[in-house]
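Notes to accompany the following structure.
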Amino acid sequence: MKVCGFSFVKNAVKFDYPIVEAINSILPICDKFIVAVGDCDDGTRELIESINSPKIEIIDTIWDPNLREKGRVLASETNKAFDVIPDQYDWCFYIQGDEVVHEKYLPEIKNSMERYLNDKEIDGLIMHYTHFYGTFDYFADSRRWYRSEIRIIKNDKGIRSWNDAQGFRWKNATKLKGVFIDAWMYHYGWVRPPKLMKDKLDGAKQYWSVNSKHIKTIEQESAEYQYEDGIDSLEKFEGDHPQVMQSRINELNWHPQLSIKKKKLNGRYYFLYWFEKIFKYRPFENKHFIEVKRS
């Protein structure tokens with residue numbers, strides 16, 4: 001069994017993406033890793049080169065400014081990296097520039113790859129998600145945040161990254177069939193110094209339609225991002241973080257006033273929030289995949 005990781009990145013230095021941590025977190029179980037580096041001059045390419053691993057191959061890309069509808073330029077860049085993965089690789093492990101896998105999950109991920117390698121019904125492996133917010137001590141737990149997604153796919157180029165690259169589908173828009181594995185993806189996209197968070201969100205606007213729901217959701221007038229105003233519900237994180245993230249955790253020097261008690265939810269979402277908490281089930285969940293049950 002051979003595994004190839006893949007990702008895309010642009011302006012990682014300018015907007016402080018933990019792309020090095022992301023790549024290093026799964027590199028031990030990858031035989032090769034493809035990184036599509038977009039057109040930028042902030043030292044992103046040099047940052048990827050600094051990982052200094054013979055497994056890594058960089059391809060240089062130019063982002064298409066016309067693909068703004070639903071953030072499709074992100075899927076386009078994902079597909080560029082995926083399409084150059086050679087045929088001899090069985091599994092393709094996708095990770096975005098602000099996602100990190102805890103080292104404790106790597107054995108189970110590898111075992112799952114071996115377990116479902118020859119299962120023709122399985123197109124991909126589904127990982128659970130923890131979306132950190134504000135600092136490393138809190139994570140978002142409302143319906144605004146997806147709970148799971150396929151991040152490991154079979155090496156079939158009929159599979160395409162979808163819309164804003166959150167998930168994958170077949171070329172004809174059919175959903176992939178996947179199986180849940182006992183592993184979590186840690187998403188750190190909303191943990192940055194407040195000024196860098198605001199800069200990153202403002203920079204992202206050029207890749208979305210100006211009237212999109214995404215842009216309206218993140219819009220703030222302040223010079224620094226106000227974490228307290230941008231969240232509807234939080235929980236305290238009681239676990240430990242990946243080793244590759246420890247230096248960032250040690251350097252944290254901003255302290256937003258966050259609370260797990262304050263819930264900014266309308267009546268319907270308030271009811272659904274507590275329904276999910278009590279029954280451990282999220283009704284009306286919009287999933288990008290079809291779950292296949294395996295014993």
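General remarks:
- Mean residue ellipticity at 222 nm, helices only, the chain: -7000 deg cm²/dmol; runs of at least 4 DSSP H residues each add -39,500 (n - 2.57), and the sum is divided by the number of residues.
- Hull shadow area, averaged, region 7-73 [alpha-carbon convex hull, nm²]: 4.8 nm²
- Residues 274, 162 in ascending order of nearby Cβ atoms (within 10 Å, fewest first): 274, 162.
- Charge-dipole axis of region 1-107 as Lys and Arg at +1 and Asp and Glu at -1 on Cβ define it, positive-most pick from 63, 6, 18: 6
- Neighbours of residue 120, meaning other residues whose beta-carbon lies under 14 angstrom from its beta-carbon, give a summed charge of -1 when Lys and Arg score +1 and Asp and Glu score -1.
- Top of 112, 259, 25 by mean-square fluctuation, Gaussian network on the chain, Cα under 10 Å: 259
- Residues listed by number, region 1-40, amide nitrogen under 20 Å from residue 250 label point at 7 Å toward C-beta: 17-25
- Net charge dipole, the chain: roughly 1280 debye, given to the nearest 20, about the Cα centre with Cβ charges of +1 for Lys and Arg and -1 for Asp and Glu.
- Most mobile of 120, 171, 104 in a GNM of the chain (Cα contacts under 10 Å): 120
- Cα-based shape type of region 101-153, given that a ≥ b ≥ c are square roots of the gyration tensor eigenvalues and the cut on a/c is 1.5: oblate
- Whole-percent pair-distance distribution, where bins are 10 Å wide, for the alpha carbons of region 85-223: 10, 35, 33, 18, 4, 0
- The chain - share of DSSP beta bridges that are antiparallel (%, nearest 5): 45 percent
- For the chain, average projected area of the Cα convex hull in nm²: 15.6 nm²
- Residue of 158, 239, 230 that the Gaussian network model of the chain assigns the largest fluctuation, springs spanning Cα pairs under 10 Å: 239
- Charge dipole of region 115-185 about the Cα centre (unit charges at C-beta), most positive-ward option of 158, 118, 130: 158
- Per-residue 3J(HN,Hα) values for region 158-173, derived from phi via the Karplus relation 6.51 cos²θ - 1.76 cosθ + 1.60 with θ = phi - 60°, read x, 7, 10, 5, 10, 6, 8, 6, 5, x, 10, 9, 6, 3, 8, 6 Hz in sequence order (x marks Gly and Pro).
Where a number appears in this text, it was derived from the coordinates with a stated rule and is not lab data. What you are looking at is a predicted structure, and each value in this text was computed from that prediction instead of being measured. Heads up, the Cβs are rebuilt from the backbone with ideal geometry, glycines too, and the neighbour counts pull from every protein chain shown.
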